[in-house]
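A.B. asks: Got a structure for you, written out below as structure tokens; questions coming shortly.
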Amino acid sequence: MALVRHTRVNRSAVERRVASLPARRTVKKEWQAAWLLRAIACMDLTTLSGDDTAGNVLRLCAKAHRPLRQDIVDALGIGDLRLTTGAVCVYHQYVATAVDALRGTGIPVAAVSTGFPAGLSPFEQRLAEVRASVAAGAAEIDIVITRGHVLTGNWQALYDEVRAFREACGDAHLKTILGVGELATLTNIARASLVAMMAGSDFIKTSTGKESSNATLPVGLVMTRMIREYGARTGHEVGFKPAGGIRTAKQALDWLILMKEELGDRWLRPHLFRFGASGLLTDVERQLEHYVTGRYAAAYRQPMV
């Protein structure tokens with residue numbers, strides 16, 4: 001706990017570093033197309049709306065298996081890549097539907113759990129929800145922490161909570177959502193990141209996508225620096241997942257640049273980096289179509305619109 005309590009964040013330095021990222025590295029032409037293909041491979045294609053239906057989930061799974069239109073795949077000459085998204089993320093109710101739809105594709109199903117998005121349902125109920133999603137076939141569980149533990153500095157309670165969720169996950173990967181828009185300070189975000197990793201998280205994730213402020217580059221810099229610090233101390237690699245508000249190909253490139261600059265090429269792979277995104281794929285596909293045709297398509301031409 002001494003490491004957690006002594007952790008501080010210099011906000012001005014974080015903001016200066018983030019401002020320099022787009023200027024330090026840019027990608028154009030075929031290199032940009034290659035980076036956008038990597039963004040697709042690292043995407044958790046997500047639907048977490050109150051109006052979700054089995055039909056919506058099946059459509060999402062079909063898109064995850066074939067994220068680009070065939071004419072774009074042919075024009076890029078990437079048929080041999082067998083490109084898919086990193087995962088499909090749904091509510092528990094649709095885990096079985098997604099697992100059946102994706103059987104044989106190698107694409108894992110992630111379930112949001114533990115009273116998502118607020119995380120304030122009874123503790124035993126949250127544990128039962130994790131176990132139920134794993135039993136239904138979810139290979140990844142996205143849990144939400146009790147933000148009150150962070151805001152009151154109760155780091156032991158936060159550790160115990162995440163540790164219990166880790167044990168309930170069994171062999172499934174645990175992605176811990178911090179809900180950064182509700183944690184008040186960058187120092188709180190840094191400390192919560194460390195505790196979540198100490199408790200056994202496979203990934204730390206920025207947001208539920210339901211807060212007023214979600215994934216931002218300053219938050220991402222703080223969390224990736226904590227991953228680097230934790231890795232240097234323990235030798236253990238923890239993944240990172242920004243989620244919420246990432247909707248454009250330009251934003252995806254900024255996040256990929258951040259990962260390359262701060263953590264290196266290993267964190268440009270789906271086993272250590274994911275985007276939590278619902279609308280991002282549409283713009284990435286539109287940019288790739290522009291690359292192969294020289295023209296921007298109307299948004300309605302993209303299948304997910």
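The values are calculated or read from the model by the stated rules, or taken from the named source; none is laboratory data. It should be emphasised that the depicted structure is a prediction, and the values quoted were computed from it without experimental measurement. In this analysis, Cβ positions are derived from the backbone assuming ideal geometry, glycine residues included, and neighbour counts consider all displayed protein chains. Only protein heavy atoms, including side chains, enter the accessible area calculation; ligands, DNA and RNA are left aside. Shrake-Rupley method; radii C 1.70, N 1.55, O 1.52, S 1.80 Å.
A.B. asks: Being open to solvent by less than 70 Å² (accessible area, probe 1.4 Å), basic (Lys, Arg), closer than 30 Å to residue 151 by Cβ and in contact (Cβ under 8 Å) with a residue 12 or more places away in the chain is the requirement here; does residue 8 meet it?
C.D. replies: no
A.B. asks: Of the residues that make up segment 165-180, is at least one open to solvent by 30 Å² or more (accessible area, probe 1.4 Å) and in contact with an Asp or Glu (Cβ under 6 Å, 6 or more places away or on another chain)?
C.D. replies: Yes - at least one qualifying residue is present in segment 165-180.
A.B. asks: Which of the residues belonging to segment 32-52 are open to solvent by 60 Å² or more (accessible area, probe 1.4 Å) and at pLDDT below 95?
C.D. replies: Start the filter on segment 32-52 by keeping residues that are open to solvent by 60 Å² or more (accessible area, probe 1.4 Å), which leaves 38, 50-51.
Hits for segment 32-52 are 50, 51.
A.B. asks: Then there's this: Return the residue satisfying two criteria in turn: it lies in segment 70-104 and is touching a residue at least 60 places away in the same chain (Cβ under 8 Å) and out of contact with any Pro (no Cβ under 7 Å at 6 or more places or on another chain), and of such residues it is surrounded by the most Cβ atoms within 10 Å (Cβ to Cβ).
C.D. replies: My answer is 89.
A.B. asks: Quickly run through segment 209-230 and pick out the residues that are within 15 Å of residue 273 (Cα to Cα), open to solvent by 10 Å² or more (accessible area, probe 1.4 Å) and either under 13 Å from the mean Cα position of the chain (by Cα) or not hydrophobic (A, V, I, L, M, F, W, C) (or both).
C.D. replies: 215, 225, 228
A.B. asks: Please go through segment 105-141 and pick out each residue that is within 17 Å of residue 160 (Cα to Cα) and in contact (Cβ under 8 Å) with a residue 60 or more places away in the chain.
C.D. replies: Once the filter is applied, which keeps residues that are within 17 Å of residue 160 (Cα to Cα) and in contact (Cβ under 8 Å) with a residue 60 or more places away in the chain, segment 105-141 yields only 119.
A.B. asks: Only one of (1) without any contact (Cβ under 8 Å) to a residue 40 or more places away in the chain; (2) open to solvent by 10 Å² or more (accessible area, probe 1.4 Å); (3) over 24 Å from residue 10 (Cα atoms) fails for residue 264. Which number is that?
C.D. replies: (3)
A.B. asks: Looking at the structure I just gave you, is residue 50 on the phi > 0 side of the Ramachandran plot and part of a loop (DSSP other than H, G, I, E, B)?
C.D. replies: no
A.B. asks: A further question follows. Applying the selection to segment 11-31, what residues are loosely packed, with under 12 Cβ neighbours inside 10 Å and in a loop (DSSP other than H, G, I, E, B)?
C.D. replies: Listed by number, the residues that qualify are 26, 28.
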